[in-house]
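Take a look at this one; I'll ask things after.
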Amino acid sequence: MVPAFEFTEVRLPGLAPGMLGIGTRYEPMGEPVLEAAGIQLPPALATAVPSRQLEYLAGRACAVEACRRLGLDATPATTGLHREPIWPTGVVGSITHSHGEAMAVISPSSACRSLGVDIEHIVDLQKAEDLFSVIADPAEADVLKDLIGNNLALIFTLIFCAKEAIFKATWPFVRRFIDFDEVKLVAAKSGSLTFAADAPLASQLASPGLPPVTFAAATSSITTLCIYR
């Protein structure tokens with residue numbers, strides 16, 4: 001059965017007037033789903049597992065709904081060679097999904113140059129311990145301890161989620177994948193994180209420094225947002 005998505009407006013720290021976040025929840029399906037909400041899968045996903053197909057359709061459906069509510073071109077975003085969304089003229093956006101939840105943040109291109117949103121469910125402690133050195137260093141963890149204590153699972157998830165938002169927002173300027181060690185967390189306050197880019201990445205950016213990353217924490221997940229104004 002083709003799913004019908006129900007949409008809710010998502011209020012995220014950092015969203016300026018004229019920008020909109022739309023989310024939806026969906027149940028995993030065991031059978032392939034090639035179309036939903038009037039959106040078709042690209043050929044590359046025709047043989048993907050049903051969960052991947054559904055998260056793609058859910059994310060694109062959120063983006064279409066956000067564009068519709070903002071009065072922007074609601075043509076579904078196509079997919080680039082590196083799986084990045086390609087937006088209609090006049091639209092800036094980002095899509096994320098995790099554990100049955102999808103979200104899109106959309107802005108008119110007159111309001112910002114690029115943005116990235118990411119949602120991550122908080123990992124278990126063992127995964128945080130195993131993978132922490134891949135995504136951050138001890139100095140970055142220390143930045144967060146005054147803010148959220150010594151909860152390594154939460155620290156790991158927040159840093160990972162924030163860097164993912166940065167990578168998505170920065171993609172249009174550098175057109176390449178960014179390694180986790182190219183950006184470092186250097187300061188934190190309630191709801192906002194400051195990162196610094198290493199010299200090679202900084203030289204490729206279209207603005208001095210990285211934008212702040214705003215974040216919101218729920219019971220089991222974290223959502224981050226990075227906007228190049």
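Below 8 Å between Cα atoms, with a sequence gap of 6+, how large is the relative contact order for segment 1-134 in percent?
23 percent
Taking all pairs of distinct Cα atoms, average 1/r, flip it, and tell me the Kirkwood hydrodynamic radius of segment 183-229 in Å to one decimal place.
It is 11.7 Å.
Let me ask something else about it. Where only protein heavy atoms count, and the probe is 1.4 Å, what is the accessible area per residue for the chain in Å²?
About 48 Å² of surface per residue is accessible.
Follow-up. Principal axes first, then extents: for the Cα atoms of segment 63-165, list largest minus smallest coordinate on each axis, whole Å, largest first.
Principal axes ranked by extent give 45, 25, 24 Å for the Cα atoms.
So what does log10 I(q)/I(0) come out to for segment 104-229 at q = 0.14, 0.18, 0.19, 0.22 Å⁻¹, using the Debye formula with one equal point on every Cα and no solvent?
Ignoring solvent entirely, the Cα scatterers give -0.57, -0.93, -1.04, -1.35.
Expressed in nm to one decimal, what extension gain is obtained for the pair residue 75 and residue 113 from 0.36 nm per residue of sequence separation less their Cα-Cα distance?
That works out to 11.7 nm of additional length.
Pop out the carbon and sulfur fraction of the accessible area of the chain as a percent, whole number, probe 1.4 Å.
Result for the chain: 55 percent of the exposed heavy-atom area is carbon or sulfur.
Provide Rg and Dmax in Å for segment 1-124, with only Cα atoms included in the calculation.
Answer for segment 1-124, Rg first and Dmax second: 13.9, 41 Å.
Enumerate by residue number the chymotrypsin sites (Phe, Trp or Tyr not before Pro) in segment 136-206 meeting two conditions: DSSP loop (anything except H, G, I, E, B), and at most 15 other Cβ atoms within 10 Å of the site's Cβ.
Passing sites in segment 136-206 are 177.
Now for a different question. To the nearest 0.05, how large is the calculated FRET efficiency for residue 29 and residue 181 if R₀ is 30 Å and r is the Cβ-Cβ distance?
FRET efficiency, residue 29 to residue 181: 0.20.
Follow-up question, since we're still on this one. Full-extension gain between residue 192 and residue 141, please, as 0.36 nm times their residue separation minus the C-alpha to C-alpha distance.
Using 0.36 nm per residue and subtracting the Cα-Cα distance, I get 16.9 nm.
Return an integer: the convex hull volume of the alpha-carbon atoms of segment 1-56, in Å³ per residue.
Here the figure is 111 Å³ per residue.
OK, next. Would you mind checking the tilt of helix 138-148 against the longest principal axis of the Cα atoms of the chain, expressed as 0 to 90 degrees and rounded to 10?
Computed tilt is about 80 degrees.
Show me, bin by bin at 10 Å from 0, the whole-percent P(r) of the chain based on Cα pairs.
P(r) for the chain, in whole percents per bin: 8, 33, 36, 20, 3, 0.
The values are calculated or read from the model by the stated rules, or taken from the named source; none is laboratory data. This structure is a prediction, so every number in the text was calculated from the model and none was measured. For neighbour counting, all protein chains shown are included, and Cβ atoms are generated from backbone atoms with ideal geometry for every residue, glycine included. The protein model used for the area step is the full one, side chains on, heavy atoms only, and it has no ligands, DNA or RNA in it. Shrake-Rupley method; radii C 1.70, N 1.55, O 1.52, S 1.80 Å.
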